[in-house]
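A.B. asks: Provided herewith is a single structure, encoded as structure tokens, for subsequent inquiry.
Read-outs throughout are calculated quantities, based only on the coordinates presented, and are distinct from any laboratory measurement. Everything numeric here is computed off the predicted structure, so don't read it as measured data. Virtual Cβ from ideal backbone geometry, glycine too; neighbours counted across all protein chains shown.
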Amino acid sequence: MRLRPLLTSLLLSALVERGLGADASALWAGKVRPLFDVHCVKCHGPLEHKGGLELDTPEAALKGGDEGEVVVPGSPEKSRIFLALAPGADPHMPPKKQLADAEREMVREWITAMSAAPAKAATRATDVPRAFATVEQAVDTWVAEGWARRSMTPAAPVDDRTWCRRVYLDLVGRIPTAAESAAFLQAPGGADRRALVETLLASDGYPVRMRELWDVFLMGRPKRDNHEDRRRQNGWWAFLEDAFRLERPWDETVRRMLVARPGSEADRGASWFLYERRNDHQAIAEAVAPVVYGTRIDCAQCHDHPLAREIKQAHYWGLVAAYNRSKNIDGGSSVAESAVGGFVNFTNLKKESQPAVVMLLGGRTVEEKRPAEGEKPEDRDDLYVDPKAKARVPKTSRREAFADAATRGNPLLARAFVNRMWAALLGRGIVHPADELNARNVPSHPELLDWLAQDFASHRHDIRRLVRGIVLSRPYALGATEAAPEAFAGASERPLSAEQLARSWRVAAGLTPDEDALRKAVVIAIPEVMPKDYNATFQQAQFLTRSPALGEILKPVASGTVARLAALPDPAARVREAFLAAHDRMPDADEAAQAVALLAGRSDAPADGVRDLMWALLTSAESLTMP
């Protein structure tokens, strides 16, 4: 039996059967849902549904309320929800507020885009098994079908030089050196993209780059240097790097993190995932959820999630319960677990006390006998594997039982990783935002996400297979476009991370890529990784214009780029070499003229002129974003 994804199957089936096409889905996600969230869902949503009407999903809106349907697909003039938005309407919605004409037009456009005739369920693509030999075949096929449905023409593919730069940045976290770029472009028989990907995946830089990404995804960016140092010293970084270097299946990596009982010195850092939260069991629950479910559950602390109706308050407190027997042991990074206690209740919106049961988002529960009222179980030595151990391990471990349930037979684990990895390599997830994989956010390519998750799980959560397939796919190799980003018809603008910038700047400066002083300085100034909305800050502008750390690598030292270029007698040659070093391309006529003029202004100090030119190139938009 084909496993249907928990969080999208019911919603997508309803949308297709009721005739909500791809355009209407995009209008809902991009325009109408944000509008309804602000003005409608408080009274017509999962928590409160006045008049029996809920407007948090297209499915609910199409269902209507106590007085019948409010949306007539294809006919806004017959749809009561649209008519109620008009000035002077009775009843008028939203009460005491008039939507702007542009906002009303969004609703009109959405209803108009709906097809009046429902599609036949038997012909839905999600019900037809599709077989592909490789990940790239699946990606190319389903993304291209999406372009056809939208009548879109994808951007032209980038050239080999640009693709090489892109894949180096993604897989090893830096631009290629001049020699590496030349070796790829001038290889006998032409540039071999597959061979380069295999080389990078097998390199020492790949596990470091993956660790940098997943350290931030799993733990957040450290606020202070000592937090970063503690992650390194306590083996967390080594644990993650080993997972990617040794090709450890992702489900096994996650299980080791959740159980937090290292079986060897190599796994010592696994417990840091829990330990760094300092016995804050709610913080642990909130960190675990995006890993094993693909979605944040923070909003369900005090009530069922107000927008994602499948996330209940019981899920939040059940996840807290999974870890509330755990306690850090001083003098290391061990996390002990009690064999008894930890049974708590939470208060729901009806002011009722409800027991917290370890429950997964899919409905699966970890069965556990609760003590009778007034009973206080005794914490005895015979309940532990080794009662004399510093970090005692209970013979019946709630933490381990949850970890088993979360990593074995939980389809959301694979979906969460696939979606996050896709976002890291293509700029946004198939579900966007990448850490909100819930019924509120419909996948742009549901069949593709289904297939990738199932393929990932069936190949023992093989990360390199997934990464290889994505970077060798057609969408990954496309040039920039202003088309809808969810169509993946062209490259989305992606700001580089601090680590990518620091290494790339050092490569362009003619230095070895790895050195901590510059990396730490850039991390402080530009800490975000895959921000949902990128906004440059005054702090970043100050750093990019006058950073001592950047100035340090642009000194005219022997073998450095600045000294090499300053020794050239021809300013035009210096400009060409500067562009090759920083951007791996020749300047156009205007760029060359402006750069030569800059150097002419510092003819008395050639090294200073070259330094200023290199500084300008390394802090330009072209250097700060993915090519």
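A.B. asks: Which option, (i) 153; (ii) 191; (iii) 174, is the value of volume of the Cα convex hull per residue in Å³ that was calculated from these coordinates?
C.D. replies: Entry (ii).
A.B. asks: Can you list the residues, at least 5 places off or on another chain, whose amide H is less than 5 Å from the amide H of TYR384, using H built in the peptide plane?
C.D. replies: Distant-sequence amide H within range of TYR384: LYS395.
A.B. asks: Once you have the Cα-Cα distance between GLU493 and ARG408, take 0.36 nm times their residue separation minus that, and quote the gain in nm to one decimal.
C.D. replies: This chain segment gains 27.0 nm when fully extended.
A.B. asks: Here's another thing I want to ask about it. Counting pairs of Cα atoms in segment 20-114, how many percent are more than 21 Å apart?
C.D. replies: Everything past 21 Å amounts to 21 percent.
A.B. asks: Rounded to the nearest 20 debye, what is the charge dipole size of the chain about its Cα centre when +1 sits on each Lys and Arg Cβ and -1 on each Asp and Glu Cβ?
C.D. replies: Taking the Cα centre of the chain as origin, the dipole is about 860 debye.
A.B. asks: Sorted by packing (mean other beta-carbon atoms within 10 Å per residue), highest first, where do 382-391, 328-337, 306-315, 520-529 land?
C.D. replies: Per-residue Cβ counts within 10 Å, averaged per peptide and sorted highest first, yield 306-315, 520-529, 328-337, 382-391.
A.B. asks: If you don't mind, there's one more thing I want to ask. Residues in segment 159-182 near a label at ASP588, defined as backbone nitrogen under 18 Å from the 7 Å Cα→Cβ point?
C.D. replies: 159, 162
A.B. asks: If you don't mind, another one. How large is ³J(HN,Hα) for each residue in segment 271-278, as worked out from phi by the Karplus curve 6.51 cos²θ - 1.76 cosθ + 1.60 (θ = phi - 60°), to whole Hz, x for Gly and Pro?
C.D. replies: Listing the rounded values in order: 6, 5, 4, 7, 4, 5, 7, 6 Hz.
A.B. asks: If you don't mind, another one. Stretch LEU47-ARG464 to full length: gain in nm at 0.36 nm per residue minus the Cα-Cα span?
C.D. replies: 145.9 nm
A.B. asks: Sticking with this structure for a sec: So who's got an amide H within less than 5 Å of the one on VAL358, skipping anything under 5 residues away but keeping other chains? H placed 1.01 Å off N, in plane.
C.D. replies: Under 5 Å from the amide H of VAL358: VAL366.
A.B. asks: Could you run the Karplus curve 6.51 cos²θ - 1.76 cosθ + 1.60 with θ = phi - 60° over segment 483-494 and give me ³J(HN,Hα) per residue in whole Hz, x for Gly and Pro?
C.D. replies: Using θ = phi - 60°, the values come out as 5, 3, x, 5, 7, 6, 8, x, 5, 7, 5, 10 Hz.
A.B. asks: Relative contact order, percent, of segment 498-624 when contacts are C-alpha pairs under 8 Å separated by at least 6 residues?
C.D. replies: With pairs under 8 Å counted, the relative contact order is 24 percent.
A.B. asks: Please list 211-219, 73-81 highest first by mean number of surrounding beta-carbon atoms within 10 Å per residue.
C.D. replies: 211-219, 73-81
A.B. asks: Which residues' amide hydrogens lie under 5 Å from the amide hydrogen of ALA480, considering only partners 5 or more residues apart or on another chain, with H built in the peptide plane?
C.D. replies: ALA491
A.B. asks: For segment 338-346, take each phi angle, set θ = phi - 60°, evaluate the Karplus expression 6.51 cos²θ - 1.76 cosθ + 1.60, and give the result in whole Hz per residue in order, putting x for glycine and proline.
C.D. replies: Karplus-based 3J(HN,Hα) across segment 338-346 equals 7, 8, 9, x, x, 8, 10, 10, 10 Hz.
A.B. asks: Right, another one. Return the distance in nm (one decimal) between the two label points of a simple spin-label model at SER353 and ALA266, each offset 7 Å from Cα along Cα→Cβ.
C.D. replies: A separation of 4.9 nm, rounded to one decimal place.
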